[in-house]
1. Going through Ala641, Ala648, Ala656 one at a time, which residue ends up being closer than 19 Å to Arg604 by Cβ, small (Gly, Ala, Ser), assigned by TED's automatic domain parsing to the domain that holds Glu624 and modelled with pLDDT of 70 or more?
2. So Leu540 clears everything in (1) at pLDDT 75 or above; (2) buried (at least 22 other Cβ atoms within 10 Å of the Cβ); (3) within 30 Å of the chain's Cα centre (by Cα) except one condition, right? Which one?
3. Right, Leu95: under 21 Å from Val188 (Cα atoms), surrounded by 14 or more Cβ atoms within 10 Å (Cβ to Cβ) and in contact with a Pro (Cβ under 6 Å, 6 or more places away or on another chain) or not?
4. I'm told Asn595 meets every condition in (1) buried (at least 21 other Cβ atoms within 10 Å of the Cβ); (2) within 30 Å of Phe372 (Cα to Cα); (3) modelled with pLDDT of 90 or more except one. Can you identify the failing condition by its number?
5. Got a sec? Which of Asp364, Asp417 is acidic (Asp, Glu) and either farther than 20 Å from Ala491 by Cβ or in the same structural domain as Ala490 (by TED's automatic domain parsing) (or both)?
6. Testing Gly303 on (1) surrounded by fewer than 16 Cβ atoms within 10 Å (Cβ to Cβ); (2) of a type outside the set (S, T, N, Q); (3) in contact (Cβ under 8 Å) with a residue 60 or more places away in the chain; (4) in a helix (DSSP H, G or I), one condition comes back false. Which one is that?
7. Taking helices (runs of 4 or more DSSP H) that do not extend beyond region 547-666, which have at least 2 residues that are among the hydroxyl-bearing types (Ser, Thr, Tyr)?
8. Within region 357-376, which residues are surrounded by fewer than 20 Cβ atoms within 10 Å (Cβ to Cβ) and over 17 Å from Cys468 (Cβ atoms)?
Amino acid sequence: MEKPTANAFQDLPCSARQHFVLHLFAAIYRVLNHLRRLGEAGGEELDVVFKRYPFLTGYFGEMLTIMPAGITWEEAPAWWEREIVGWEQQNDVDLPLRTLTEEGGVEFNGRLALVLAGLVEEDSRFGTLFATLQAPLGYRRPCLELIGQLLMDGTTADPWATGRPLLSPGLVVATNPDAPRSEWVLHVPALLWDVIRGEAVTAGAGNGGYHPPETFLPLAALILPEVFQAQLGKLPALVQSGKAQTIILRGSLGSERLPVMGAIARALGRGMVLVERAPPPGLGPFCTMTRAMPVFVYDLGPGETAAGPQLAGYHGPAGILLGEAGGLQGQALASAVTLTLPQSRAGERRRQWQAALNGHPAADLAAISERFHLPGGYIRQAATMAIAHAALEDGDTVRLDHVQAACRALNRQLLDDLAAPLESGGGWEQLVVSPISATKLYELERRCRHRERLLEHLGPAFGRAHNCGVRALFTGASGTGKTLAARILAAELGMDLYRVDLAAVVNKYIGETEKNLHRVLSRAEELDVILLLDEGDALLGGRTEVRSANDRYANLETDYLLQRLEHYQGIVVVTTNAAENIDSAFQRRMDVVVNFVAPQAEERWRIWQLHLPEDHLVDHACLEEVAVRCAITGGQIRNAALHATLLALDEGRPLASWHLEEAIRSEYRKAGATCPLPGGRFEQPATGLEAFLDAFVTDSRQVM
C-alpha cells in the first residue's frame, strides 16, 4: 500500500477539541481491532460483531473516510500515531494531550489508555460493551487488564506497564484498590476529562479555584515598595533557570500575597491553581496540561509546621502562601526562595485606594490613606462597600465617613468571632483623671496619630527595630476609668475598639493559648483596630522558676506574648488591676504606661457633675459633702448616678438629694462597706397619705 506523503489531518483546524477527537477515534479503533481478534478466535466475522454492537458501525464508517484505502488492521495503529503526532507538531496551539507528553512524560499509548479509560464518559454504550468483555465481573468501566489487552495489538504486553504511568500521577484512579490489581477499575477524574476534551477551564478547578494568567496584573503594574518590586522582577528568570522551583510568600490574610503570586505565575506564562486543602485527585496532571502553577495555602499557628507541597504528576514551579507564623519542611524547600510582603505606607495605600475606587471621586484621599492602615486586599473590599455607602446617600463622592462605615462593616465580618466590639465615643473632657494621667493619655494619642510618620524622622540608631505599633499599659483599680479612656482614645482617633479578655484566651491544652492569641492579634493588626487586652495580668505576670511542666509552658505563653507585642504593628492597650504582678519585661516594652488612681475629692465632684442629669435638684452643699466623704471610684459614681436617676424617674420628679443618698448607700452595701454619710442626712419629703397624716397631727397639737 502506498503511504501518503502529506499529513492526513492537515486541513483540519487545530484545536484542543479536534486533537481529542482524533485520539478518540484512535482509541475506538483499538477497541474494534480487539473485537475483530476475538471474533476471529471464535470463528466470527466482523459483521457479527457490528450486529451485536450496532453503535460501532457509525464510528467505523467515519474512520473509513479518514484512513487511507487498503491499510491493514495491523498497520492502522502505527498510522494513527504517526499522523496525529505529525499533525500536532505542525501547530503551536496549546494541546493538553501533547503537553502531557512534553511535560508529563506520557507516551502516545498512554494517551490512548487515558482516552480508553474515559470512553464511557463520552458514550454510555461503551459501558455495556466493557461489561460484556469483562464478564463475569460486569464492570461498566474498563479494568486495568482490559486496557492492556486493547493496546497490545496482538503482542504480549504487561497491562501494569501501561497502567502505572497513568495511576502514579493520578491521571486515572482505581475505584476498587482493594481488588486484585488486574481487576482495578479505572476512572478518569472529571477535572481532567474536561481538560482532555478541550473544554474551557472553569474557575472551580481545584479546591481553591483556577485563575488564568490574564486574571492578574503584570509584575510591573503592582503597587508595591520599589525595593520589593525589584526583587519580584528577578524571580521569573530565577525560576526559569532552575535555581528556584518553590516560591514562598509570607503575608497577612488581607495582604496582596494572592495578586503578587498570580503576577509571578503570569510572568512565567502560567495560570494559577489555589490549593487550600488536600489536593483533589488529578490536580497534578491538571496543572501540567493547563500549564498552571499550583499555589498551596497554609494557615499555621505559632510553633506549627507543615510538610512541603508534593503534587503527583506535576514537575513545574510551585508557590506557597504563608502567614507570619509557622514553618515548612520537606524536599521542596531545598530549591525555595522566601519573600515577605512589606507593610504598605501612606503613599502606596493612596495609589491602592485610587485603583480600588476605579474612577469614583474621593473627597480627601490623602486623609483616607493616612488614616486607614489597611493592606491592599482589604482596601479593595472596603472601597467597594464605601462606594455603596455613598450611593445610599444619593452621592458619588466617597468621603471619610463612608470609608469608616465600610471598615466598620469589614471589621464586624472578620473580627467579631474573635473579640467583642466596644462602642467608642466621648472626648477627653469627659474623663476625670489626675493631671499626670491626663498628660500621659495625650501623649498616647499623639503617639497613635503620628505612629507612621514618626518612623521617617527617627535617627539612624533606631535602625529597623522600631515599627509603627503602639503599645500602652493602663494600670489601676477597677472603676478608675481604664476602659473609658480606651473608648475615648478610639473616638478621638476615629478607630474601632475591640476587647479581648486574656483570662478567657488562656487554654489548658499545650499550644492552644498561643494559637488563640495569634489569631486575634493578627486579625486586629491587619484590620487596624485598637485592641484592648483586658485582665492583662493573666498572661503578663512575672515568669517563675521552672519546677514543673506547667511552669515551663506558662512561661512559654508569656514569652510568646512578649515577643508578639514587641513586633505588633497596630495599637494595643493592655489593662490590669494588679500592676505589681506584671512582668518587668512587659513594662519596659510598653510605649506608654498610664496609672489610673482613685479620684480625689475635687475629681469626684467633677465626676458627679458629669453624671448627674441637668435638671437635678441636688443641693450644692450636699454634693460637696458627698464628694468629700464618699471616697469611691468613677465607676461606682457612675453606678450611683444611674441608680439615683432611676429612683427619681420612678417617683416622677427631678433627681434630689435623698435619691442620691439612697443610691450611694446601695453602692456601699454592694461593696460590703459602711456608708460614711450620717443617717437621715437628706430626708425625703412626705407625700400622699403620709403628708395628710403629718398635717393632721400638727393641726391637732395646735388645737390642744
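The values are calculated or read from the model by the stated rules, or taken from the named source; none is laboratory data. In this text, all values refer to a predicted model and were calculated from it rather than measured experimentally. Counting neighbours? That spans all protein chains shown, and the Cβs are built from the backbone with ideal geometry, glycine included.
1. Among Ala641, Ala648, Ala656, only Ala641 is closer than 19 Å to Arg604 by Cβ, small (Gly, Ala, Ser), assigned by TED's automatic domain parsing to the domain that holds Glu624 and modelled with pLDDT of 70 or more.
2. All conditions are met except number (1).
3. Details: under 21 Å from Val188 (Cα atoms): yes; surrounded by 14 or more Cβ atoms within 10 Å (Cβ to Cβ): yes; in contact with a Pro (Cβ under 6 Å, 6 or more places away or on another chain): no.
It is false that Leu95 is under 21 Å from Val188 (Cα atoms), surrounded by 14 or more Cβ atoms within 10 Å (Cβ to Cβ) and in contact with a Pro (Cβ under 6 Å, 6 or more places away or on another chain).
4. Single failed check for Asn595: (1).
5. Values: Asp364 fails: either farther than 20 Å from Ala491 by Cβ or in the same structural domain as Ala490 (by TED's automatic domain parsing) (or both).
Answer to the check: Asp417.
6. Result: Gly303 fails condition (4) only.
7. 549-566
8. Selection gives Asn358, Gly359, His360, Pro361, Ala363, Asp364, Leu365, Ala366, Ala367.
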